[in-house]
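Chemist: This is the structure, below, for whatever I ask next.
The values are calculated or read from the model by the stated rules, or taken from the named source; none is laboratory data. Since the model is a prediction, treat every value here as computed from it, not as a measurement. All Cβ positions, even for glycine, are placed from backbone atoms using ideal geometry, and neighbour counts span all protein chains on display. Please note that ligands, DNA and RNA were not included when accessible areas were found on the heavy atoms of the full protein model with its side chains. Shrake-Rupley method; radii C 1.70, N 1.55, O 1.52, S 1.80 Å.
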Number of protein chains: 4
Amino acid sequence: MELPKKMRAAVLYDWNDFRLTEVDVPEPQDSEVLIKVESCSICAGDVKIITRGMMGQPPMGEFIIGHEYAGTVVKLGPNVEEFAVGDRVTVEVHKGCGRCKNCLDGKVTVCLNYGNTAKGHRANGFTTNGGFADYAVNHVNTVSKIPDNISFDEATIITTAGTSLFGIERMGGFIAGENVAVLGPGSIGLMAVQCAKALGAANVMLTGTRDERLELGKELGADNTINVKKEDPVKKIQELTGGIGADLVLVTSGSEAAFNQALKAVRKGGDITLLAHFDDPVKVEIGLAIQKMNNIYTIRGEGRQCTHRSLELMAEGKIQAKPLLTHSFPLEQLREGFDVFMERRDGAIKVVIHP
Amino acid sequence: MELPKKMRAAVLYDWNDFRLTEVDVPEPQDSEVLIKVESCSICAGDVKIITRGMMGQPPMGEFIIGHEYAGTVVKLGPNVEEFAVGDRVTVEVHKGCGRCKNCLDGKVTVCLNYGNTAKGHRANGFTTNGGFADYAVNHVNTVSKIPDNISFDEATIITTAGTSLFGIERMGGFIAGENVAVLGPGSIGLMAVQCAKALGAANVMLTGTRDERLELGKELGADNTINVKKEDPVKKIQELTGGIGADLVLVTSGSEAAFNQALKAVRKGGDITLLAHFDDPVKVEIGLAIQKMNNIYTIRGEGRQCTHRSLELMAEGKIQAKPLLTHSFPLEQLREGFDVFMERRDGAIKVVIHP
Amino acid sequence: MELPKKMRAAVLYDWNDFRLTEVDVPEPQDSEVLIKVESCSICAGDVKIITRGMMGQPPMGEFIIGHEYAGTVVKLGPNVEEFAVGDRVTVEVHKGCGRCKNCLDGKVTVCLNYGNTAKGHRANGFTTNGGFADYAVNHVNTVSKIPDNISFDEATIITTAGTSLFGIERMGGFIAGENVAVLGPGSIGLMAVQCAKALGAANVMLTGTRDERLELGKELGADNTINVKKEDPVKKIQELTGGIGADLVLVTSGSEAAFNQALKAVRKGGDITLLAHFDDPVKVEIGLAIQKMNNIYTIRGEGRQCTHRSLELMAEGKIQAKPLLTHSFPLEQLREGFDVFMERRDGAIKVVIHP
Amino acid sequence: MELPKKMRAAVLYDWNDFRLTEVDVPEPQDSEVLIKVESCSICAGDVKIITRGMMGQPPMGEFIIGHEYAGTVVKLGPNVEEFAVGDRVTVEVHKGCGRCKNCLDGKVTVCLNYGNTAKGHRANGFTTNGGFADYAVNHVNTVSKIPDNISFDEATIITTAGTSLFGIERMGGFIAGENVAVLGPGSIGLMAVQCAKALGAANVMLTGTRDERLELGKELGADNTINVKKEDPVKKIQELTGGIGADLVLVTSGSEAAFNQALKAVRKGGDITLLAHFDDPVKVEIGLAIQKMNNIYTIRGEGRQCTHRSLELMAEGKIQAKPLLTHSFPLEQLREGFDVFMERRDGAIKVVIHP
């Protein structure tokens, strides 16, 4: 197949100003593949990137945004055996440098050479070019084959799913029979509900402020939902757990209130994982965690094979992407896609872009 | 409710000689409950107990056998709030002494005061009286409430399920998306298949020698089955895993062959858990485990809340007991029950006794 | 040996009002020993107990305070083989109920039946009678034999040492070659410095506000000390670690500032343990922990055999108690002992009382 | 500094036939450094390599042997900031591919692309050229700076030390206060003794057949030594541990007898790590491990930063290399060095070669 030399790509020119631009189709280097992008989702991280920027972001006028994408392998760089032209694949963000203490320890998402492309780090859509484009290149260690029963659109969500799953893994991962509270029904929270159930959690309790989201959470497996505008979530979780508290609490909303609810609702000896970004300092009753001996785990991105694991769970029908994929637009309408996503217009959860 | 003073119980008088005998109904002591036994299953351990004996076994003529039982709480000892008369409950075997290094570390199944009743250890049906009887007493920390949608018969199997689950927990417990080989389709193996799938395993491969057992394994969730009389299980597992080997291998048959197959079929960096008893020394290619850096985990009994976790998985329909409960007899026919079980007559897997 | 019927004990009558009172010598019950108290240290917890009270505290007029004590076994209750009359012993605080989820999981310090003596929980000096007295009774699972080369006074400090060690254990415990920051040179902090070095930490950095404490920290093994009044601890820790940050941070001061310093000074992918009490809510830049994927571990008391482990480290000369034992008083002067401790008079760190 | 174009190197031409040959000085590629080799030790692995060969070994006539070396950085490849010309450094063996499941999980020593240089794997002295030569190239992620107080000769032993330490890490790593048996006083065993003491082990018991090795073990920190020709090691370890058995057993001799002793001598609930190569199948009483719930951990090489950690322990004087470095020869006498090592002539333990 003859590949074009030029392609369309959403390049960031200034804050909140990206434009479809004609650029060169990238060439896959050693251990890389070139992917024809079929679907690329908009993530909250993208909003931060276009409005305020993140660490290691490339200069304005050069940077192609987008990091949750799936597509077809169309060309192999040298030394690639893992994939063949024609493979349906999806990607994860973080390729570590492979030489720092964290990468050698399996913690690639906190690579100590983050942003240092000379040393081999890449984070497509963050520090290197991403997927709101016709084509993108990825190192093989960020690429997964898509099982046949999963569409490209669904496959874009494995970073979300992998992040939720990684949050559970950081707690130890063995949650069969445990009571799990998920605080916040965003896309990470809704995936966390599904992952928790898929791993055998007993009673999954989801909190939030919007009834339609909670309703969706219930459809996706939450055993109980709590609208925090109508009920005290701490009291309700205590009730639902016989006064003992939740064994595990996943904080999927980056709010001071949610963190404090977690500290109050978790069982003595239970654990908390923070899966949300907290932009501002929070005032928290941390003394509770010491009194109750609760560990507070955190995650950055999707580690420990969690994207691969998510794909398997999705292939087996144990987690679903479709109910979260509320909108889609062609690449030409990326601006509208962002607007729908940012305003949560028409109940938007995930918005998928098709180049 | 007026309780009788006397009851029937299967007392062991000599090797392979147990008899229904009239004995006193036991009195629940501090933190104990008296259970009216409704169902009690026969386990391979029982066979060992009646034919050869196990460590700490009480004297002939006194010992009431049976350890996998479920029933109704009919009387509370002092200081019991966890249960009420009328509660439907099931039991696990091991009550630790609560004072040795292992118990304090949460490893109650290997209590260093095993068999020492003065120091508080109990293992009903092993070192203290068990459940082939009208009534039995249990410390509250070995008792679980049965969810409404689980029958007494089904509830007798939670020790089996808890053992399988504990085997997975010892490996780390986070097996979502992993390829898991289960070597041996006995009741532990069939439960292991179900537990592995319930926790999100990707490809569960079950090996054995009897097609009907493998067939049942498939019905219970095994993605692939391998009759070792017809196919080389190591070669087949390699094939099914793209030449990499199984991420995890659960050895549920106590045979030299199975252990060696595990060593050959496991992935580099993967792990093995031994869930079977090995009565005799085995000749094994242990060098493979060092070359491939495979840990070999073991379990004794059901630890880390695994019986409670199993009950939750069963209540959610993620593991099933019924297909394993092939036969049942009244207590008067316990001898026949044992014979059916030991000869695997009519495809017997688990045989349930009803007092 | 004939034991007296009556003894002296410091009974709490009102806030900040304890008095030496004549009470009955307690009788050791099943699995308990009676200890002739030789030394009992004052801990910050005692100050809280006498000034504000803690959860599960017995009524005024009845409660004997003191929890860090050592002495000689003078009488055995039934079923005690672990100890003999004449044994030199020291104690730890927490005896779990042995029946709740946490106790069965080895987390006795967060027993779900905390304070419930009927169910078997005891926390001498917190919820049951303690050691500012001539005699005290303890369940065998809270008692350790003292190696010959350790004095009673030194042995009172194993709760402090065990707490510091437990903080390291919660992080994983394998800290050989790691850079460790200890924020706060109180008795827990000074023990943490020693434990970290005893376990092979490379660069132990101690922060504080008082030069004499930092100096002592250096004598006890700290490789670097930082007076936060004179230097920016975050900047200094970054410098001392080549810009990477501390691999592990132990927060041994319950202040908002220390917690924030920990969040800033810890390495990407490194971990934090909170070993101090935080009485008030704190405003913290928790977002840093998520960006850097730092887990925040907590401890309550001394778990996982850490008192036993501390005694071994002390017996081997790897951690020292003497430099922390700055003052001692007879039991009659307990009030003065508390005053010296609370006012940190004459550089007081630990004050030992001799009944 | 002008570097020569040619150098001397020990090239393997046939089994047991290596010869000093003139070859090109290698050129450091991207992220590599060129090291002027000062010292290179002989390891049991080298003996296997020259006599029987190992997986992935390069063709005869091309392969430069030697993997335990230290020296001075003399040239940097592109993109190297971690080191400067003139740095004193030592190396570890395994550079993973950075793209397989095991490498991404931090298990580089069991890289699934072992031996595949195109995909980035290197194991100098095993699958790529090693250090019995004037110069060698290494990827930066296998290089460590040597602290000033450690000589090149001593630094060659960090692979040995790192392997022993990794064995402890695989068990969990928190061994403060534990009783540890080390079965086999080879160089790995003698380092294991030191590492165990350096990490706070209480009673380290070393077994072996030669009194002079056991004596050395005692000098290096073993609390007890047992000559298995004179005493029953299992009985003795039971005695030394109050009948409970060793908490941890490190098997540093690849013999059937040692493995069986480990199974018998380990405590209920304790753990075993196999640190030796087992060339032949062994007949073992594995049933004991299940009865006592002992995990059997294994290691391959030196993982989880254990070489870096070892260097720190050595710099702090907590482990010593010198007593193990019994002989040294110039590169011209490599043959004699091998002979001395293989025959254990004059009590040889480690033999260092100086190019």
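Chemist: Kindly provide the set of residues from region B:241-259 that are touching a helix residue (DSSP H, G or I) at 6+ places or on another chain (Cβ under 6 Å) and either among the basic types (Lys, Arg) or not in a loop (DSSP other than H, G, I, E, B) (or both), ordered by number.
Modeler: Narrowing region B:241-259 to residues touching a helix residue (DSSP H, G or I) at 6+ places or on another chain (Cβ under 6 Å): B:245-246, B:249-252.
B:Ala246, B:Val249, B:Leu250, B:Val251, listed by residue number.
Yes or no, residue by residue, for (1) touching a strand residue (DSSP E or B) at 6+ places or on another chain (Cβ under 8 Å); (2) open to solvent by less than 20 Å² (accessible area, probe 1.4 Å):
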site	(1), (2)
C:Phe132	yes, yes
C:Ala136	yes, yes
C:Val143	yes, yes
C:Ile150	no, yes
C:Ala155	yes, yes
C:Ser164	yes, yes
C:Ile175	yes, yes
C:Asn179	yes, no
C:Pro185	yes, yes
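Chemist: Kindly indicate whether any position in region C:70-80 is at pLDDT below 95 and surrounded by fewer than 21 Cβ atoms within 10 Å (Cβ to Cβ). Spell out the reasoning first.
Modeler: Narrowing region C:70-80 to residues at pLDDT below 95: none.
Scanning region C:70-80, I find no residue that is at pLDDT below 95 and surrounded by fewer than 21 Cβ atoms within 10 Å (Cβ to Cβ), so the answer is no.
Chemist: Would you pick out the residues in region C:240-298 that are touching a His at 6+ places or on another chain (Cβ under 7 Å), of a type outside the set (A, V, I, L, M) and under 24 Å from A:His277 (Cβ atoms)? First the steps, then the outcome.
Modeler: Start the filter on region C:240-298 by keeping residues that are touching a His at 6+ places or on another chain (Cβ under 7 Å), which leaves C:254, C:287, C:290.
If we keep only those that are of a type outside the set (A, V, I, L, M) too, we end up with C:254, C:287.
Matches in region C:240-298: C:Gly287 only.
Chemist: Another question, if that's okay. Go through the residues of region A:181-202 one by one and say whether even a single one is without any contact (Cβ under 8 Å) to a residue 60 or more places away in the chain, part of a loop (DSSP other than H, G, I, E, B) and closer than 23 Å to A:Glu92 by Cβ.
Modeler: The answer is yes; a qualifying residue exists.
Chemist: The conditions are (1) open to solvent by 10 Å² or more (accessible area, probe 1.4 Å); (2) assigned to a loop (DSSP other than H, G, I, E, B); (3) in contact with a Phe, Trp or Tyr (Cβ under 8 Å, 6 or more places away or on another chain), and C:Glu302 fails exactly one of them. Which is it?
Modeler: (1) is the only condition that C:Glu302 fails.
Chemist: Okay, moving on. Any residue that is of a type outside the set (A, V, I, L, M), in contact with a Leu (Cβ under 8 Å, 6 or more places away or on another chain) and either assigned by TED's automatic domain parsing to the domain that holds A:Leu20 or assigned to a loop (DSSP other than H, G, I, E, B) (or both) - is there at least one of those in region A:79-94?
Modeler: Step one: list which residues in region A:79-94 are of a type outside the set (A, V, I, L, M), which gives A:79, A:81-83, A:86-88, A:90, A:92, A:94.
If we keep only those that are in contact with a Leu (Cβ under 8 Å, 6 or more places away or on another chain) too, we end up with A:83, A:90.
Next, only the ones that are either assigned by TED's automatic domain parsing to the domain that holds A:Leu20 or assigned to a loop (DSSP other than H, G, I, E, B) (or both) stay: A:83, A:90.
Within region A:79-94, one or more residues are of a type outside the set (A, V, I, L, M), in contact with a Leu (Cβ under 8 Å, 6 or more places away or on another chain) and either assigned by TED's automatic domain parsing to the domain that holds A:Leu20 or assigned to a loop (DSSP other than H, G, I, E, B) (or both).
Chemist: On to the next question. Could you run through region B:234-252 and say how many residues are surrounded by 23 or more Cβ atoms within 10 Å (Cβ to Cβ) and on the phi < 0 side of the Ramachandran plot?
Modeler: Pass one, region B:234-252, residues surrounded by 23 or more Cβ atoms within 10 Å (Cβ to Cβ): B:237, B:245-252.
Adding the requirement that they be on the phi < 0 side of the Ramachandran plot leaves B:237, B:246-252.
Within region B:234-252, residues that are surrounded by 23 or more Cβ atoms within 10 Å (Cβ to Cβ) and on the phi < 0 side of the Ramachandran plot number 8.
Chemist: Is there a residue in region C:228-245 that is among the basic types (Lys, Arg), under 26 Å from A:Lys107 (Cβ atoms), assigned by TED's automatic domain parsing to the domain that holds C:Arg170 and touching a residue at least 24 places away in the same chain (Cβ under 8 Å)? Show your work before the answer.
Modeler: Initial filter on region C:228-245 (among the basic types (Lys, Arg)): C:229-230, C:235-236.
Imposing the further condition that a residue be under 26 Å from A:Lys107 (Cβ atoms) reduces the set to C:235-236.
Retained after the next criterion (residues that are assigned by TED's automatic domain parsing to the domain that holds C:Arg170): C:235-236.
Add one more test, that the residue is touching a residue at least 24 places away in the same chain (Cβ under 8 Å), and what stays is C:236.
Among the residues of region C:228-245, at least one is among the basic types (Lys, Arg), under 26 Å from A:Lys107 (Cβ atoms), assigned by TED's automatic domain parsing to the domain that holds C:Arg170 and touching a residue at least 24 places away in the same chain (Cβ under 8 Å), which makes the answer yes.
Chemist: Also: How many residues are open to solvent by 20 Å² or more (accessible area, probe 1.4 Å), within 21 Å of the chain's Cα centre (by Cα) and aliphatic (A, V, I, L, M) if we restrict to region B:8-57?
Modeler: The qualifying residues number 4.
Chemist: Let me ask something additional. Given the criteria over 21 Å from D:Val89 (Cβ atoms), β-branched (Val, Ile, Thr) and open to solvent by less than 30 Å² (accessible area, probe 1.4 Å), does D:Thr307 qualify?
Modeler: Working: over 21 Å from D:Val89 (Cβ atoms): no; β-branched (Val, Ile, Thr): yes; open to solvent by less than 30 Å² (accessible area, probe 1.4 Å): yes.
Spelling it out, it is not the case that D:Thr307 is over 21 Å from D:Val89 (Cβ atoms), β-branched (Val, Ile, Thr) and open to solvent by less than 30 Å² (accessible area, probe 1.4 Å).
Chemist: I'm trying to understand the selection: among the residues of region A:103-115, which are more than 9 Å from chain D (Cβ to nearest Cβ) and either in contact with a Cys (Cβ under 6 Å, 6 or more places away or on another chain) or in a loop (DSSP other than H, G, I, E, B) (or both)? Quick ask: steps written out before the conclusion?
Modeler: Of the residues in region A:103-115, the ones more than 9 Å from chain D (Cβ to nearest Cβ) are A:109-115.
Matches in region A:103-115: A:Cys111, A:Leu112, A:Asn113, A:Tyr114, A:Gly115.
Chemist: Pick out the one residue from D:Ile296, D:Ile237 that is more than 29 Å from D:Glu154 (Cα to Cα) and not in a strand (DSSP E or B).
Modeler: On the way: D:Ile296 fails: not in a strand (DSSP E or B).
Being more than 29 Å from D:Glu154 (Cα to Cα) and not in a strand (DSSP E or B) holds for just one of D:Ile296, D:Ile237, which is D:Ile237.
Chemist: Looking at the structure I just gave you, is B:Met191 within 14 Å of chain A (Cβ to nearest Cβ), open to solvent by less than 10 Å² (accessible area, probe 1.4 Å) and closer than 29 Å to A:Ile175 by Cα? It would help to see each step written out before you state the result.
Modeler: Working: within 14 Å of chain A (Cβ to nearest Cβ): yes; open to solvent by less than 10 Å² (accessible area, probe 1.4 Å): yes; closer than 29 Å to A:Ile175 by Cα: yes.
Judged against the criteria, B:Met191 is a match.
Chemist: Within region D:155-162, identify whether any single residue is assigned to a loop (DSSP other than H, G, I, E, B), away from chain C (no Cβ under 14 Å) and in contact (Cβ under 8 Å) with a residue 24 or more places away in the chain, and answer yes or no.
Modeler: Let us first name the residues in region D:155-162 that are assigned to a loop (DSSP other than H, G, I, E, B), namely D:156-157.
When the remaining residues are screened for being away from chain C (no Cβ under 14 Å), the result is D:156-157.
Applying the additional criterion that residues be in contact (Cβ under 8 Å) with a residue 24 or more places away in the chain yields D:156-157.
For region D:155-162, residues assigned to a loop (DSSP other than H, G, I, E, B), away from chain C (no Cβ under 14 Å) and in contact (Cβ under 8 Å) with a residue 24 or more places away in the chain: present.
Chemist: Anything in region B:273-296 that is surrounded by fewer than 21 Cβ atoms within 10 Å (Cβ to Cβ) and either touching a strand residue (DSSP E or B) at 6+ places or on another chain (Cβ under 6 Å) or closer than 20 Å to B:Gly167 by Cα (or both)? List them, or say none.
Modeler: B:His277, B:Asp279, B:Pro281, B:Lys283, B:Ile290, B:Lys292
Chemist: Let me ask you something else. Cβ-Cβ under 6 Å, sequence separation 6+ or interchain: first residue in region B:75-97 and farther than 28 Å from B:Thr163 by Cβ, partner at pLDDT 95 or above and crowded, with 19+ Cβ neighbours inside 10 Å. Which pairs?
Modeler: B:Lys75/B:Pro28; B:Lys75/B:Leu34; B:Leu76/B:Val33; B:Asn79/B:Ser31; B:Asn79/C:Lys119; B:Val85/B:Val73
Chemist: Of all residues being in a helix (DSSP H, G or I) and within 11 Å of chain B (Cβ to nearest Cβ) in region D:260-272, which is least open to solvent (accessible area, probe 1.4 Å)? Just the residue, please.
Modeler: D:Leu263
Chemist: Across region B:88-112, what is the number of residues that are of a type in the set (D, E, K, R) and closer than 19 Å to B:Ile157 by Cβ?
Modeler: Of the residues in region B:88-112, the ones of a type in the set (D, E, K, R) are B:88, B:92, B:95, B:99, B:101, B:105, B:107.
From the residues that got through so far, the ones that are closer than 19 Å to B:Ile157 by Cβ too are B:88, B:92.
Going through region B:88-112 one residue at a time, the tally reaches 2.
Chemist: Right, B:Gly200: closer than 20 Å to B:Ala315 by Cβ, open to solvent by 20 Å² or more (accessible area, probe 1.4 Å) and touching a helix residue (DSSP H, G or I) at 6+ places or on another chain (Cβ under 8 Å) or not?
Modeler: On the way: closer than 20 Å to B:Ala315 by Cβ: yes; open to solvent by 20 Å² or more (accessible area, probe 1.4 Å): no; touching a helix residue (DSSP H, G or I) at 6+ places or on another chain (Cβ under 8 Å): yes.
Considered against the rule, which asks whether it is closer than 20 Å to B:Ala315 by Cβ, open to solvent by 20 Å² or more (accessible area, probe 1.4 Å) and touching a helix residue (DSSP H, G or I) at 6+ places or on another chain (Cβ under 8 Å), B:Gly200 comes out as no.
Chemist: Can I ask one more? Identify all residues within region A:330-353 that are more than 17 Å from A:Ile49 (Cα to Cα) and open to solvent by 80 Å² or more (accessible area, probe 1.4 Å); write none if there are none.
Modeler: A:Glu332, A:Arg344, A:Arg345, A:Asp346
Chemist: Select from region A:42-72 the residues that are closer than 25 Å to D:Arg99 by Cα and polar (S, T, N, Q) and list them in ascending order.
Modeler: A:Gln57, A:Thr72
Chemist: While we're here: Search region C:203-223 for residues being within 14 Å of chain D (Cβ to nearest Cβ) and not in a loop (DSSP other than H, G, I, E, B), and hand back the single one that is most open to solvent (accessible area, probe 1.4 Å). Reasoning before the result, please.
Modeler: The first filter runs over region C:203-223 and keeps only residues within 14 Å of chain D (Cβ to nearest Cβ), leaving C:203-204, C:221-223.
Still in the list and also not in a loop (DSSP other than H, G, I, E, B): C:203-204.
Numbers: C:Asn203: 26, C:Val204: 0 Å².
Going through the qualifying residues, I end up with C:Asn203.
Chemist: Hey, among the residues in region C:115-154 that are aromatic (Phe, Trp, Tyr) and under 18 Å from the mean Cα position of the chain (by Cα), which one's farthest from C:Gln305 (Cα to Cα)?
Modeler: From region C:115-154, those aromatic (Phe, Trp, Tyr) are C:126, C:132, C:135, C:152; that's our starting set.
Add one more test, that the residue is under 18 Å from the mean Cα position of the chain (by Cα), and what stays is C:126, C:132, C:152.
Working: C:Phe126: 20, C:Phe132: 24, C:Phe152: 20 Å.
Once the filter is applied, the top-ranked residue is C:Phe132.
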